[in-house]
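Read through the structure below, which is laid out as structure tokens, and then see the notes.
The values are calculated or read from the model by the stated rules, or taken from the named source; none is laboratory data. All of these numbers come straight from a predicted model, not from anything done at the bench. Neighbour counts run over all protein chains shown; Cβ positions are idealised from the backbone, glycine included.
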Amino acid sequence: MAAFYASASTGLTAYACLKGRAQADKTWPHLLEWNEKAFGAWAQVHAAAEHAEAFEYGAQVSRLSSALAVLEAVAKGSKAAAGLTAEAKVTFNEALAAVKPMQQAACRHNDAVYHERVPPLAALTAVEQHGGSGGPAAATARRASALRGSHTVGSGWRSALCRSGLAVGLPWAAVGLP
């Protein structure tokens with residue numbers, strides 16, 4: 001999803017250049033940038049969960065700390081945005097509220113129990129971009145069963161991810177793109 005929003009942001013800029021004028025609604029470029037960052041942060045949260053399942057607690061803390069920093073910046077930036085809908089602001093704040101306790105718990109557990117070195121995010125393998133339609137072939141067997149619908153949306157980070165993705169959908173007709 002992060003790659004989708006990056007592509008949309010590039011397309012919006014190219015469209016404005018093609019028309020020879022600036023984008024009329026100044027909120028859209030920021031919204032696209034914040035969505036790109038927020039979904040990139042959610043990708044880090046998913047990767048952190050995989051590290052926890054593999055007993056790699058230092059890497060888990062690194063990814064969750066990175067996701068938290070990004071979501072804090074997005075929530076702060078969106079709070080100051082004048083033309084942004086209240087729904088989008090709430091969505092970014094909900095994402096932050098969902099990740100913050102996960103990061104705090106992971107740090108607490110690593111400090112008290114595991115004592116693993118927390119590597120910088122740059123030292124970890126980059127999160128693979130699936131483009132939203134990568135399908136089960138690119139996933140592990142465990143993730144393939146999840147993609148087929150074996151999990152339900154309830155409480156926790158998965159439902160927060162679903163809520164954040166649904167609440168900030170982009171109506172392309174509203175910005176006049178073909």
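Here are some residues: 12, 18, 68, 84. Which one is free of Cβ contacts under 8 Å to residues at least 60 places away in the same chain, hydrophobic (A, V, I, L, M, F, W, C) and within 25 Å of residue 129 (Cα to Cα)? Walk me through how you get there before you give the answer.
Details: 12 fails: free of Cβ contacts under 8 Å to residues at least 60 places away in the same chain; 18 fails: within 25 Å of residue 129 (Cα to Cα); 84 fails: within 25 Å of residue 129 (Cα to Cα).
Checking each option against the conditions leaves just 68.
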**Asked** If you check every pair at least six apart or on different chains, which have Cβ atoms under 9 Å apart with a residue in segment 88-114 that is over 15 Å from residue 69 (Cβ atoms) first and a residue that is exposed (fewer than 13 other Cβ atoms within 10 Å of the Cβ) and modelled with pLDDT of 95 or more second?
**Response** 114/55
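Taking the conditions exactly as written (touching a residue at least 24 places away in the same chain (Cβ under 8 Å) and not aliphatic (A, V, I, L, M)), does residue 55 satisfy them or not?
Details: touching a residue at least 24 places away in the same chain (Cβ under 8 Å): no; not aliphatic (A, V, I, L, M): yes.
In short, no.
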**Message:** Can you tell me which of (1) in a helix (DSSP H, G or I); (2) closer than 17 Å to residue 44 by Cβ; (3) modelled with pLDDT of 50 or more; (4) touching a helix residue (DSSP H, G or I) at 6+ places or on another chain (Cβ under 9 Å) is the one residue 130 doesn't meet?
**Reply:** (1)
